[in-house]
Every structure is written in C-alpha cells, then in structure tokens.
Amino acid sequence: MKRCWPDGDLRAFRDGELPRERQERIAGHLEACGACGARYRELSERAARVSTLMAMLQETAPTSAIPILPARAHHGRQWAVAALSLAAAMAVGFVVLPKRDMVRPTPVAKAPAPVAPVVPVAPVETAAVPARPVARHAATRRPALREDFLRLDDEPLETGTVVRIGAENGDVQADLILGPDGRAHAIRIVSNR
Amino acid sequence: MDIVIGVVQPAEEIALDQVPWFDALFHAHYPRVVGMLGRLMGDRGQAEEIAADVFCKLARQRAERDGDGLTAWLYRVAINAGLDAVRSNTGRKWREEAAGSGSLRTAAPGALDQLLQQERCARVQDVLAAMKPRDAQLLLLRATGCAYRELAQALGIQAGSVGTLLARAEAEFERRYRSRYGDDV
C-alpha cells in the first residue's frame, strides 16, 4: 500500500483544490486504505457541519460590488450627459422666457383697447424664434435680480446651487438653480454684452 | 433641505490619483473584506465602516510593505478590527433585545424561527471571536467562497498549507462550539 495522506491533503481533496494528478492518486488510495478513508469521512463530515454553522452568518446582504468609483474613462461621458441636460434646460428657458417678457412691456398696455395685451402674445406662442432678440435685449437692460428666475417646475425648492452656463460663443449665458437632486428647477438668461 | 453625502476631514484625505496601487488593491479586495466582516458582525453598515477605516490605514502602509505582504496585512487588520467589534458585544446585545421585544411582540409568522436563527448566529459569532484571528479569518473567507489560492494570498501563506490550516481551524471551531453549547452542532 502506498503512503497515507496527511489531513491537509485530504481536506484539500474534499474541496477539489489539488492538481488533477494528485486528486486521482488520493481517490485511488482512499479506496484501498481504510484508515485514510475513515479520516477522510471524519474531516468531510466536520467540514460540512462547520460550513452549515458558518452559513448562519448570512443575514447581511451579499456584497455584490464595490461602491462605484468614477472611472477616469467615463468622465467624458458623464460630462456629455451633464452638458446635454444643461442644453435642454437652456432650450426650455429660451422657449418659455420670451412669453413672459412679451407680456411685460408697457407699450402694449398703453394701447387704447384693454384687450390689446392679449393680442401680441398669440403670435409669440406660435413663433418663438422671432421673440428671441426681444428676450436678449430685455435681459441686457434689466439688472440680474432674483425675481428674474423662471421656475421650470412646481416643486418646492428650499436650497439650491446657482450654476452659470453659456453657449460656445459666450454671447448668451444663463443661470440655473440646481436642487439637491441635481435637476434644474429655475433659470434666468443673462448676457455678458 | 441639505443632504450630506459624506464628510472627509482634510487630514484624512488621500491623494488617490498618486497611488494607483491603492486603486488596484481596493478593487480587488474591498468586496471580500466587507463580505468577511459582514458575515462576522451581521451588520453590513458597520462592516463597511471598518473596511473603509482599514483601507485608509492601508494607504499609509505602502512605504513599509509591498505585494502580498500588504494584502495579508490588510486582511489581518480587518479581521482584528472585526473581532474587536464582535467582542465589544454591543451588536449582539442589540440584536437580542430587538429579537426579544420586536419579533415576539409583533408575533409575525416565523418570528420564532427568526429568533432561533439569530441565536445560532450569535453563537457562531461568539465562537469565532474566541478563536485565533487567523483561524477565524480562514473560516470566514472560506465561507464567502474563496479558493485556496485566494486564501493563501489573504493570509500570506503557501497555498499548500491552506488545507492543513483549514482542517485545524474547523476542528478548533467545533471543539469550542461543543464546549460552549454542548453537542448541538
């Protein structure tokens, strides 16, 4: 009979952690050696009992992954998403803000008919593009006051961060109020001219 | 409403851009360290706290250690911190009180089973806390599914020694468990 195997090898054999050649040799030996067979059964049964007890500790959620660290390779994509979000917010601001400014001018209110202010508003809603110069001039003339912010939604906003964004040529800039959720809740158009 | 995501004291800041080795170690071992500590303590939040603390210490160990020595150091410090937390026993007392009051008061279906499960869990934690840190670490990591090669790296030993040490750790665990709680293994 060949030499008997130590407990460590028998334990590793149970877990299949030995090289294939040694696994086969131990398997052959266990069939022939009663003492090693008994030791192997004892080790194996104990390992199963301990494993069952250790499984009691599985009450916590399994560790699925590392808390995501911002990978450098994704920075460009994240900035692209942020830029697109800001561009969309600016677009909403450009479409919505002219309506407000066109209603405000007093010359219209001086018209003889009291219903006159309603009349010029209608073409602005249907044709927003011609109204843009009006909005730009209005923003340059008036000081940038807190009241100039235009709400983009109806959600209550207690605190926020003001972020200034601008077009590539720098002609038009806007201030966005970002809430704790990172979304833009208000906007105002400013100009550096 | 202000949401504080995290606070880092200036003295604790680590210039991670300057330590790429830390990035590699963190990604390779953080899940396993948290898994090991989470099993040991039964509290994932506390496990993550300890793991973060250990990794902060790790960032300052680079000058003195390297390679596998650093990995073994990481796991050794983590298991020692986890065992200290278990030995302080506050977590277990809290769980026992919660189990004794909350579960039974609500009398939800399976409350008794849950109570028994928590008691068995507390027993295993007590036995692990009484063992040598290396043996407890070996059993915990093996329970998380680590292969022998990974166990050897974490313990800083030869892969050929893992079977022997594992068999000894299991025998020691069972002996301590039986001496405390009888033959109810």
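The values are calculated or read from the model by the stated rules, or taken from the named source; none is laboratory data. Not measured: the values here are computed from a predicted model. Virtual Cβ from ideal backbone geometry, glycine too; neighbours counted across all protein chains shown.
Structural remarks
- Counting only residues that are free of Cβ contacts under 8 Å to residues at least 60 places away in the same chain, buried (at least 19 other Cβ atoms within 10 Å of the Cβ) and not aromatic (Phe, Trp, Tyr), region B:136-149 holds 3 of them.
- Among the helices (runs of 4 or more DSSP H) confined to region B:46-130, the ones with at least 2 residues that are modelled with pLDDT of 85 or more and within 30 Å of B:Pro20 (Cβ to Cβ) are located at B:67-88.
- Counted residues, region A:11-35 - those being over 17 Å from B:Glu172 (Cβ atoms) and either within 8 Å of another protein chain (Cβ to nearest Cβ) or surrounded by 13 or more Cβ atoms within 10 Å (Cβ to Cβ) (or both): 13
- Scanning region B:37-52 for residues that are charged (D, E, K, R) and either buried (at least 18 other Cβ atoms within 10 Å of the Cβ) or at the interface with another protein chain (Cβ under 7 Å from one of its Cβ atoms) (or both) yields B:Arg39, B:Asp43, B:Arg44.
- Only one entry of A:Ala109, A:Ala38, A:Ala47 meets the criterion of being modelled with pLDDT of 65 or more, hydrophobic (A, V, I, L, M, F, W, C) and surrounded by fewer than 17 Cβ atoms within 10 Å (Cβ to Cβ), and that entry is A:Ala38.
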